[in-house]
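Visitor: Below is a structure I'd like to ask you about.
Nothing in this text is a laboratory measurement; each read-out follows from the coordinates by a stated rule. Computed from a predicted structure; not experimentally measured. Virtual Cβ from ideal backbone geometry, glycine too; neighbours counted across all protein chains shown.
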């Protein structure tokens, strides 16, 4: 399994971080941390851009993050046209790791505010596409 079932539009069938998809299929949102400098990355990277080391460890993103900012998309790009409107946000999960993702449609628009607590969860759509989203914590 590669990236062909990740997200709504997939342009790459294989990637160095293919384990990311395997973990999502198991219901886990995982990412990587460099074993040399300790920097964490999302999306996961298997080569550290900070120190150029290729020794990383996978870890699950757990706990609560805080919404930093968000935007409501009214007109979606290719592959997302029928989803609009939807909300994208950036959440801070500590250790200087900020994650960009979609907010669950289950969160009411009036409840979305910077600073709100979120959790990140694996998702699977009716057509079998795999992804992740933020849900209210």
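Visitor: Here are some residues: 33, 98. Which one is buried (at least 17 other Cβ atoms within 10 Å of the Cβ) and over 11 Å from residue 134 (Cβ atoms)?
Guide: The match here is 33.
Residue-by-condition table, conditions (1) closer than 17 Å to residue 30 by Cβ; (2) over 11 Å from the mean Cα position of the chain (by Cα):
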{"residue": "74", "(1), (2)": "no, yes"}
{"residue": "80", "(1), (2)": "no, yes"}
{"residue": "90", "(1), (2)": "no, no"}
{"residue": "94", "(1), (2)": "yes, yes"}
{"residue": "109", "(1), (2)": "no, yes"}
{"residue": "117", "(1), (2)": "no, yes"}
{"residue": "134", "(1), (2)": "yes, no"}
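Visitor: OK, next. Would you mention how many residues in region 46-61 are in a loop (DSSP other than H, G, I, E, B) and closer than 30 Å to residue 137 by Cβ?
Guide: Counting residues in region 46-61 that are in a loop (DSSP other than H, G, I, E, B) and closer than 30 Å to residue 137 by Cβ gives 5.
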